[in-house]
Amino acid sequence: SNVINASNLILSYDNGRKEVIKDANFTVKKGEFVFITGPSGSGKSTLLKSLYGRIKPTSGNLVVGGMDLAHVKPSKLQELRTHMGIIFQDFKLVNEWTVSKNVVLPLMIAGYSIDVQNTQAHRLLKHVKLTEHADKYPMELSGGEQQRVGVARALAKNPVLILADEPTGNLDDYSSNVIWDLMENACQQLETTVLVVTHKIPQVFSLPYRHFIIEGKGVYEVH
Ligand code: ADP
Ligand code: ADP
């Protein structure tokens with residue numbers, strides 16, 4: 001089944017005056033790992049934003065996780081995001097909160113009990129090997145460790161889809177490989193669909209993946 005289905009998709013800013021993506025057609029199936037590359041300014045972030053409902057299609061169809069994003073009411077978007085984990089290049093952690101609390105943010109928003117939050121925080125931090133750092137604050141961690149917090153937070157609700165925007169853009173090679181391992185693992189063991197925007201596909205990558213490139217406003221599969 002398709003987790004993402006885009007047809008004749010147009011994305012633009014300034015009420016349609018600035019077109020960024022034009023006539024894009026692509027689908028992503030459950031459990032696939034997908035890379036999207038393209039030059040700076042080609043529309044990678046814009047496409048990603050459309051997938052989590054931050055910008056609405058100008059025209060065409062975009063269905064994500066069964067939700068029709070071209071027609072959905074803004075009030076339903078929160079529901080879409082409960083089935084998604086999003087990983088950002090700049091981590092977007094809450095610096096005033098402990099590592100533990102950052103990881104369970106999605107569970108807090110969803111109203112899970114403190115007991116569930118604590119159990120899950122423990123499980124997730126163990127998974128990303130940050131158990132000893134649970135009570136520290138993000139600024140006390142290295143960049144690679146902060147992104148592991150980001151990955152743990154993205155996994156907190158066993159999402160159907162993980163979206164990542166240059167997840168290793170600020171990391172050294174060693175930390176990057178740790179992050180790629182965690183993301184491969186999520187895809188393989190949890191059957192999570194993963195879509196990553198990146199300027200460079202990692203060489204260490206071991207899973208089969210699909211690769212789309214954004215070029216001249218179009219989205220094309222690279223074979
Ligand atoms: P990429 O992620 O590939 O670098 P972006 O999606 O950030 O590309 O940007 C694609 C194009 O859209 C660029 O020309 C950028 O300047 C423009 N753009 C991005 N965000 C906005 C915005 N909020 N308003 C107007 N134009 C934007
Ligand atoms: P990011 O890639 O994280 O969105 P950017 O530096 O591309 O960060 O953009 C920062 C902010 O400025 C974003 O809100 C983006 O939508 C907006 N923006 C980017 N390019 C343009 C543009 N050409 N015109 C207007 N707003 C833009």
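Readers should treat all values here as calculations from the given coordinates under stated rules, not as data from a laboratory. Remember, predicted model here, so these are calculated numbers, not experimental data. Cβ placement follows ideal geometry from the backbone for every residue including glycine, while neighbour counts extend to all protein chains displayed.
Quick look at the values:
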| item | result |
| --- | --- |
| Violating pairs (Cα-Cα greater than 28 angstrom) within the set K76/K136; K22/K157; K29/K200 | K76/K136; K22/K157 |
| Contact order normalised by residue count of the chain, Cα under 8 Å, 6+ apart, percent | 29 |
| Cα gyration tensor category, rounded, prolate or oblate, for region 181-223 with a/c compared to 1.5 | prolate |
| Positive minus negative residues near N118 (Lys, Arg vs Asp, Glu; Cβ under 13 Å) | +1 |
| Relative contact order for region 1-98, counting Cα pairs under 8 Å that sit 6 or more residues apart, in percent | 28 |
| Footprinting exposure proxy for H122, H223, H133 (fewest neighbouring C-beta atoms within 10 Å first) | H223, H122, H133 |
| Rounded, prolate or oblate (a/c below 1.5 giving rounded, otherwise prolate when a/b exceeds b/c) for region 126-199 by Cα gyration tensor | oblate |
| Hz values of 3J(HN,Hα) by residue in region 131-136 - Karplus curve (6.51, -1.76, 1.60), Gly and Pro given as x | 3, 5, 9, 3, 9, 7 |
| Per DSSP, loop trypsin sites (Lys or Arg not before Pro) in region 64-104 with at most 14 further Cβ within 10 Å | K92 |
| Around L47: net Lys/Arg minus Asp/Glu count, Cβ-Cβ under 15 Å | +2 |
| Helical mean residue ellipticity (222 nm; -39500 (n - 2.57) per DSSP H run of 4+; nearest 500) of the chain | -9000 deg cm²/dmol |
| Shape category assigned to region 76-180 from the gyration tensor of Cα positions, a/c cut at 1.5 | oblate |
